[in-house]
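Data first, discussion second: the structure below is written as structure tokens.
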Amino acid sequence: MTAPQNRRVLITGSAGEIGCVLRAGLYGGGRTLRLFDIKPQAARPDEEVLAADIGDTAALAQAMHGIDCVVHLAGVPREGAWDAILPNNIIGTYNVFEAARNAGVKRVIFASSNHVIGYYRATEAVGISEPERPDSRYGVSKAYGEALGRLYADKYGLEVACLRIGSFRARPQDARQLATWISHRDMVELVRCCIDAAPFHFLVLYGVSNNARNRWQNPDAATVGYRPLDNAEQYAAELETIKPSAGDPAADFHGGAFCALEFTGDARRID
Ligand code: 15L
């Protein structure tokens, strides 16, 4: 049931891949959605739109007005040049948390990524208490966002949930995603649970479906009542062979292809 105090929800990056699915899935249910994206969007009833960049602090201040909960998706959604990561994922994420604090917003749900722990061995399960092990500049930017979230929870009392999203796709595409896939409906449900949950302090959750091959331990899922429904295993027969060869860093670590990008290290030393 929707907690009445979290009815007014701001989604940054609302015109992106995940944003469009959340917009459709969260629509209604007594919520008003405020959509924030550089790409102009047309508002439906119970929606408000703002076309602006998260680098624009005045626009963000305006966007936060009267908001109960922010779902922060905006940013570069994959590995990229530092010139792109810095303004969007580092400065932009700071701007969002700071605008939320200044406006008295209660809750921020931050779209983090599994690439925060990308360089753990794929043969090992990983939870939320291990040190970060990012596999990319993108992964570092998400680890930074989680640290910022923890700061804003501890110092300023915001409620913060960081979602380490796996492979968000309509259906899984390769063998790795048999473990890392999150379906559209499970993604909507995860965010809905985080919006509606009773007050919390700081949570880290893996955004993953109920996959038989899942390697991510998700203790905070129970706190918000997230129970994923989909299981990538139904695609196993067709996807099992779509994988990098052994010895390729893309095969050996949780982060998959991100780990192989620009790789000049010594995989044997990554224990
Ligand atoms: C992510 O964080 C990316 O946004 C997405 O493009 C996928 O690569 C996904 O992780 C993944 O790990 O499959």
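The values are calculated or read from the model by the stated rules, or taken from the named source; none is laboratory data. What you see is a predicted model; the values in this text were computed from it and never measured. We place every Cβ from the backbone using ideal geometry, glycine too, and count neighbours over all the protein chains shown. These accessible areas exclude ligands, DNA and RNA; they are computed on the full protein's heavy atoms, side chains included. Shrake-Rupley method; radii C 1.70, N 1.55, O 1.52, S 1.80 Å.
Any chance segment 178-187 includes a residue that's under 19 Å from Lys106 (Cβ atoms), free of Cβ contacts under 8 Å to residues at least 60 places away in the same chain and within 12 Å of the chain's Cα centre (by Cα)? No. Taken over segment 149-173, the criterion of being open to solvent by less than 20 Å² (accessible area, probe 1.4 Å) and of a type outside the set (Ser, Thr, Tyr) is satisfied by Gly149, Ala153, Leu158, Val160, Ala161, Cys162, Leu163, Arg164, Ile165, Gly166, Phe168, Pro172. Scanning segment 9-34 for residues that are crowded, with 17+ Cβ neighbours inside 10 Å and more than 17 Å from the chain's Cα centre (by Cα) yields Arg31, Leu33, Arg34. Residues in segment 213-223 that are of a type in the set (A, V, I, L, M) and either open to solvent by 80 Å² or more (accessible area, probe 1.4 Å) or in a loop (DSSP other than H, G, I, E, B) (or both): Ala222 alone. Screening Glu124, Glu47 for residues that are among the charged types (D, E, K, R) and within 19 Å of Trp216 (Cα to Cα) leaves exactly one candidate, Glu124. Counting only strands (runs of 3 or more DSSP E) wholly contained in segment 47-127, the ones carrying 2 or more residues that are open to solvent by 30 Å² or more (accessible area, probe 1.4 Å) and either away from the ligand (no atom under 16 Å from the Cβ) or aliphatic (A, V, I, L, M) (or both) occupy 47-51. In the set (1) open to solvent by less than 20 Å² (accessible area, probe 1.4 Å); (2) within 20 Å of Val9 (Cβ to Cβ); (3) in contact with a strand residue (DSSP E or B) (Cβ under 8 Å, 6 or more places away or on another chain); (4) not in a loop (DSSP other than H, G, I, E, B), Tyr226 fails one condition alone, (4). All of Ala198, Ala161 fail the test of being touching a residue at least 24 places away in the same chain (Cβ under 8 Å) and touching a Leu at 6+ places or on another chain (Cβ under 8 Å), apart from Ala161.
Number of residues in segment 155-169 that are under 16 Å from the mean Cα position of the chain (by Cα) and either more than 21 Å from Thr223 (Cα to Cα) or in a helix (DSSP H, G or I) (or both) equals 3. Taking Gly247 as the residue in question, decide whether it is at pLDDT below 95 and not hydrophobic (A, V, I, L, M, F, W, C). Spelling it out, Gly247 is indeed at pLDDT below 95 and not hydrophobic (A, V, I, L, M, F, W, C). Quick check on segment 176-209: of everything there that is assigned to a loop (DSSP other than H, G, I, E, B) and within 12 Å of the ligand (Cβ to nearest atom), which residue is least open to solvent (accessible area, probe 1.4 Å)? For segment 176-209, the residue satisfying everything is Val208.
Scanning segment 229-248 turns up one or more residues that are of a type in the set (A, V, I, L, M), over 20 Å from Arg185 (Cα atoms), within 15 Å of the ligand (Cβ to nearest atom) and open to solvent by 40 Å² or more (accessible area, probe 1.4 Å). In segment 147-170, what residues are away from the ligand (no atom under 13 Å from the Cβ), touching a Phe, Trp or Tyr at 6+ places or on another chain (Cβ under 9 Å) and closer than 24 Å to His184 by Cα? The answer is Val160, Ala161.
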